[in-house]
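To start, the structure under review is shown below, and the notes come after it.
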Amino acid sequence: MKSRLRPVIGLLAAPLPIIAFAAAPAFAAQPATVEVKGDVVAAVAHSARTGNVAADQPISVAVNLAQRDTAGLDTFLAQVTDPASAQYQHYLTVSQFADRFGASPEAVAKVTGYLKAQGLQVGEVTANRLTVEASGTAAQVQRAFGTSLATYRDGKDGHGYYANTSAPVLPADIASVVTDVSGLNDYARYQHFGQANPAAKAKAPTGLSPATARSAYNLTSPISAGYNGKGSTVGLLEFSAFQQSNISAYDKYYGLSVSAPSVVAAGGGTTDLSGQDEVELDIEVVQALAPGATVKVYEAPNSDAGETAVYAKLVSDNVPVVSISWGTYEAGETPSNRTAVDADLKEAAAQGQSVFAASGDSGSDDAGNGGTSVDFPAADPWVTGTGGTTLSLSGSSYSKETAWSGSGGGISSYFATPSFQTPVNKGGFRTVPDVAADADPASGWAIYTGGSWNEFGGTSAAAPNWAAFAADFNSEAKAKGKASFGFANSRIYSLAGSSSYSSAFHDVKSGNNGAYSAGTGYDKVTGWGSYNGANFLSASLG
C-alpha cells in the first residue's frame, strides 16, 4: 500500500575527557550498530507525543531481509519480460527465486538467532526467505531494535496511534542483511478506493450486473465457452474483513454458480470490518467476470507490518493474479517499506504473477496537497496501475468510455521509467496508470454490501475488473496450451504497441483528471484504456 531526539551530555570539566579516554576500550568492545534508515512513519512529524507505550504491550513485527544478487535479478527481469528475449516468460518458481535471489539460509539463521536472543518469539519465515515475523512485549521490541515506542495524537485528523521515536538500530552484521523493520507503529494509513453512488442505494440493484459488464467488455462469448477463470486463482489484498452473507446474497440474486472465497490471514489477519464494502466490491466484481476462478482474500492489519506481511505472503504463495485496491500517496510510504514492497513486486514479476492495483481516486493530486502526485503501489513499475473511466452503454452493449475525473495518474517521484514504457514515455520517471476500466460511481457496479444494494465505482472497481479478465485469459491459455497472462505490463504494452491495439483495447480519448488529459493512445489518465475482451484474447491466443 512511514525527528528524533538524541540526548547530548556536555563535557563540564577538564578531567572528563581523560576519564572517557580511559574507558574507551570498554566502549570499543561493544558491537557496532547501524540504523535501518527511512523507518519512521511520516505522521510523527505532525503529531503530538502523548506518552509511552506500556512495557508489557504485545507487539508484532515483520523484518524484511535484503535480496541477493540484485544486479542478477535486474538482468533476469529484463530478459523474462522482453518479448524479443529467448528467456521471455520463462518464469521462476518460488523455490527457484529463493535459491537465486532470496536471503541465504545463513542470513536467515543470523537474523532469527538475534531476535530469539532478544527474547522475541520468531514466527513464520516466508518461502522466499525475505520476511521474518516475530512478536514480543514492547520492552523486548524496544531493546531488540534500539528505539523507543511512544503514543501520539495525529495533528491532522486527531486519531491516536503508537510509533517508534527514531529509526531502528541493529548490530552491524544484522543490519547488513535487513532492509526494513515494520510493526513499530500501528498508524493505519492505507485507504481503499471504492466509492458508492449515494443516489443509488436501494432495495433493487442499479448499475452494472454480471451480464451487462460481460457484454460491455466483450466477455460474454469467452465466458460462455468456458473461459471463465476456471483453474486460475485471484488473490485480493485487503486490510479489512468481510461478511460472506453479503457475497451469498449477491451470488443468489444473479444466479452465479461460484465457490465461496477463502480467507488467508497474513500478519495475524484482521477482524476489522470498517472496509468491508471494499472487500465485497472486489469479490463480487471478480465473481461477476470470472465465475470459475478461485478467490482467495488475503487479510492483514491496516499497518506497515500488515502491508509487508501480506505482500510477502502473496508472492510466497505465488498467486497467479493479484488485485490491490488499497494504497497511499507515494511520499506517504516510508522509504524502507517502499523498498520491501518493491522487492516483493519484483519477485512477483520474476514468477509471472499478474498484479493490478487501483491508481487512486483523487485525480492528478493523490496526496491532496494541491500539487501533482501518484499512488503507491500503482506507481511501482512491477504493478499494472489501473485507472478509471466513465462507461456509456447502448442497451447492454459498449458505447464509449471517457476519462473519469477521479482517475489517479501522473508521474512517479521515485521510480525510473521502465523499459516496457519507453516507447510512450521519454521522461526519466515512470508514469501511471497503465490501463483503465469503469470507475465512475455514476456508471458503476451494482454491489451488495452492508445488507443492501449500492452502486459502486472508484479505481478499486477497475483493478478487480482487470484481474478477473486475466483469470479468464489464463483459462483460455491453459486450454490452448499457451502461456498465461504472466507479468501484465509486458503483455499489455507489447500488444498495445502492435497493430492489434485498436481492436484489443478501447482507446479512451477524452476527459481529464486535473493536470492531465486523455488522448489517442497512451495517456496519464487512462493508460492504454480498457480491454476489449474477446478481441484481446484472440489477438493474444489465436
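Derivation of every value follows stated rules applied to the coordinates shown; laboratory data play no part. Because the structure is predicted, anything quoted here is derived from the model rather than measured. Here the Cβ is made from the backbone with ideal geometry for all residues, glycine too, and neighbour counts use every protein chain on show.
Descriptive notes on the structure:
- Span from the region 465-521 Cα centroid across to the region 423-454 one, whole angstrom: 14
- Percentage relative contact order, region 191-541, counting C-alpha pairs under 8 Å, at least six apart: 23
- Globularity index of region 65-171, i.e. its alpha-carbon radius of gyration over 2.2 N^0.38 Å: 1.48
- Residues in region 104-120 that a label on Asp69 would reach, taking backbone N under 14 Å of a point 7 Å out along Cα→Cβ: 104-105
- Computed extension gain for His90 through Ser503, at 0.36 nm per residue and net of the alpha carbon distance, reaches 145.9 nm.
- Think of region 191-541 as a dipole: +1 on every Lys or Arg Cβ, -1 on every Asp or Glu Cβ, centred on the Cα centre; then among Gly481, Gly332, Ser407, Gly481 lies furthest on the positive end.
- Greater than 18 Å apart at Cα, pairs in Lys252/Lys478; Lys426/Lys524; Lys400/Lys509; Lys230/Lys482; Lys230/Lys480; Lys296/Lys478: Lys252/Lys478; Lys296/Lys478
- Asp99/Ala331 FRET efficiency (R0 41 Å; Cβ-Cβ; nearest 0.05): 0.70
- Region 283-297 residues near the modelled Ser257 label - backbone nitrogen below 13 Å, point 7 Å along Cα→Cβ: 291-292
- Here's how it looks for Asp438: its modeled amide H is under 5 Å from those of Thr389, which are all 5 or more places away or on a different chain.
- Label-to-label distance, nm, for residues given as Ser413 and Ser510 (7 Å Cα→Cβ offset): 3.4
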